[in-house]
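Some notes on the structure that comes next.
The values are calculated or read from the model by the stated rules, or taken from the named source; none is laboratory data. Please read these numbers as outputs of a predicted model, since none were measured by experiment. Note that we place each Cβ from the backbone using ideal geometry, even for glycine, and neighbour counts take in every protein chain shown. The accessibility values were calculated without ligands, DNA or RNA, using every heavy atom of the protein model including side chains. Shrake-Rupley method; radii C 1.70, N 1.55, O 1.52, S 1.80 Å.
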Amino acid sequence: MSYEVVEKSSVVREVIVTVPGEAVHRVESLLVEQARKTAKLPGFRPGKVPASLIRQRAGASITEDARRESLQTAVREAITAIEHLIHVGEVDVVTPKTEDGGFVAKVDVEVEPRVEIENYLGIEISLPAVAVTDEDVDADLENRREQHAVLNPITDRDTVQEGDIAFVTLSAPNDAASKFCREGSRQITVGKGHFNEAMEKCLVGAKVGDNLQLTAEIEDQEAIVTCQIDEIKSRMLPQLDDAFARDTGDAETLEALREVVRTRLLEEKTSANDALLVNRILENLRTATPIDFPEGYIKARAAQAIRLQIEQMLRQQLDDAMLDRIIRNIKPEELEEYRVDYHNEVLLNAIAKKENISVSEDDKINEARKWFQNIDEGKISSWLNNGSAGRFVGDQVARDRALEIIKAAAKITQE
């Protein structure tokens, strides 16, 4: 067996494998011998069936098996010589039969991108100021009042007004309407637009007991649903006072509740700003260091992620045929998030290497504990030592530390 490696791009290598006829014949002879040991034919003792008879009866099948096995062995040997291999494509037999009975095949393989990253310290990042205003606190308290609202029947009128809660029974939605509503009982807050703004307007002025059609224009189609008004209620909001603060269980007084809300909002805004900082740092790094992406590998990552999601949902494993269909049906725009994730991963790996970040076994165990809560250390250690799990967790820890170094060195200004 001989092979040639041709560099098609920075991340793609074409491997051309030549399998001599001698190699195919050798495997074919072994398969024939194996078949002789198990063949049962009248007139022959077990293991004594002539090789010529085996070839006569199953020669074509054995030859095909020998070629397939030779191909797998040859490709496997060839790609072991390629450093940083991450994905192997489909094998294509380009010369089905050479003069000596062998064949020539080729396969595209993808390798990890090699990047030289500079100027990742001192990145200039602009972030919004983290502040909580009285208006922010007021808005949060108002949402709390909405959550604690009480619905009271309206007894002094039977006509629907804006702001009422209409208890209705919907039926016979046409195709356009069925996209956002279904038959059955429903509460509609009239005028809020939570259901459909146009259809809610149809309710204004209607009376309890009325049976009417609600209509709206949806994507150039007229949506129609029949609606019976069963009851109308009003929303009564609680008073914003010390009693309300105690009812929430967060404070004894309204003033104390305001401080609880202010502290929580500040934590949320600080956390959101930190996430924004990470996103803008990574975006800056990606722009400064573009990468030639190994598309097959990205598709494989996407397909595996989708496969895991589907298997968790269905609680059963998908076969390879289904996985192939998933890969074929992934749209280019759907790959973008996986392309971005991989771009980030490669850049942070390069920075971690440049910063000489080391990760101990204890570091890996502590990281894995975050992923698998309530699992003892022995099981975690066993998992980390199984296959590539330890490297996977270690790389994640190293990337996180690399990101912390970049964040600490970033020059942050307020928008």
Q) At q = 0.08, 0.16, 0.17, 0.21 Å⁻¹, what log₁₀ I(q)/I(0) does a Debye calculation on the Cα points of the range 262-415 give, no solvent, two decimals? A) -0.33, -1.20, -1.26, -1.31
Q) Dimensions of the range 82-167 along principal axes (Cα, Å, largest first)? A) 100, 48, 18
Q) Taking the C-alpha atoms of the range 186-246, how large are the radius of gyration and the largest Cα-Cα span, Dmax, in Å? A) 15.8, 51
**Q.** the range 206-258-the range 111-154 distance, computed between alpha-carbon centres (Å)
**A.** 26
Q. Can you give the accessible area per residue of the chain, in Å², using a 1.4 Å probe?
A. 61
Q. Which whole number of Å³ per residue matches the convex hull of the alpha-carbon atoms in the range 233-352?
A. 250
Q.
At 0.890 mPa s and 25 °C, plugging the Kirkwood radius over alpha-carbon pairs of the range 335-415 into Stokes-Einstein gives what diffusion coefficient in µm²/s?
A. 173
Q: Mind jotting down the distance between the C-alpha centroids of the range 45-110 and the range 165-183, whole Å?
A: 62
Q) What are the aspartates and glutamates whose alpha-carbon lies under 17 Å from the alpha-carbon of K48, with same-chain residues fewer than 8 places away excluded? A) E33
Q | 17 Å Cα-Cα reach of K106 towards aspartates and glutamates, excluding residues that sit fewer than 8 places from it in its own chain | A | E4, E7, E14, E69, E77, E90, D92
Q: Express the carbon and sulfur contribution to the solvent-accessible surface of the chain as a percent, rounded to the nearest whole number, probe 1.4 angstrom.
A: 47
Q. Hey, got a sec? Which GluC sites (Glu not before Pro) in the range 150-206 land in a DSSP loop and have at most 15 other Cβ atoms within 10 Å?
A. E162, E183
(Q) I'm checking a number: the convex hull volume of the Cα atoms of the range 9-71, normalised per residue, in Å³. What is it? (A) 89
Q | Candidate values (i) 34; (ii) 61; (iii) 21, label of the one derived for percent of Cα pairs over 36 Å apart | A | (ii)
Q) So which helices of the chain fit the span-like rule, where a helix is a whole DSSP H run, its Cα atoms reach 24 Å or more along the axis, and its mean Kyte-Doolittle is at least -0.5? A) 21-38, 51-79, 254-288, 295-314, 389-409
Q.
Using helices alone, I'd like the mean residue ellipticity at 222 nm for the chain: each DSSP H run of four-plus residues gives -39500 (n - 2.57), total over residue count, nearest 500.
A. -16000 deg cm²/dmol
Q. If packing is taken as the mean number of other Cβ atoms within 10 Å per residue, what is the order of 203-215, 304-316, highest first?
A. 203-215, 304-316
Q) For the range 174-299, what is the convex hull (Cα atoms) projected area averaged across all directions, in square nanometres? A) 15.4
Q.
Give the aspartates and glutamates whose C-alpha is closer than 14 Å to that of K370, dropping any in the same chain fewer than 8 places away, or say none.
A. D362, D400
Q: Starting from the exponent 0.38 and prefactor 2.2 Å, build the expected Rg for the range 1-106 from its residue count and divide its actual Cα Rg by it.
A: 1.34
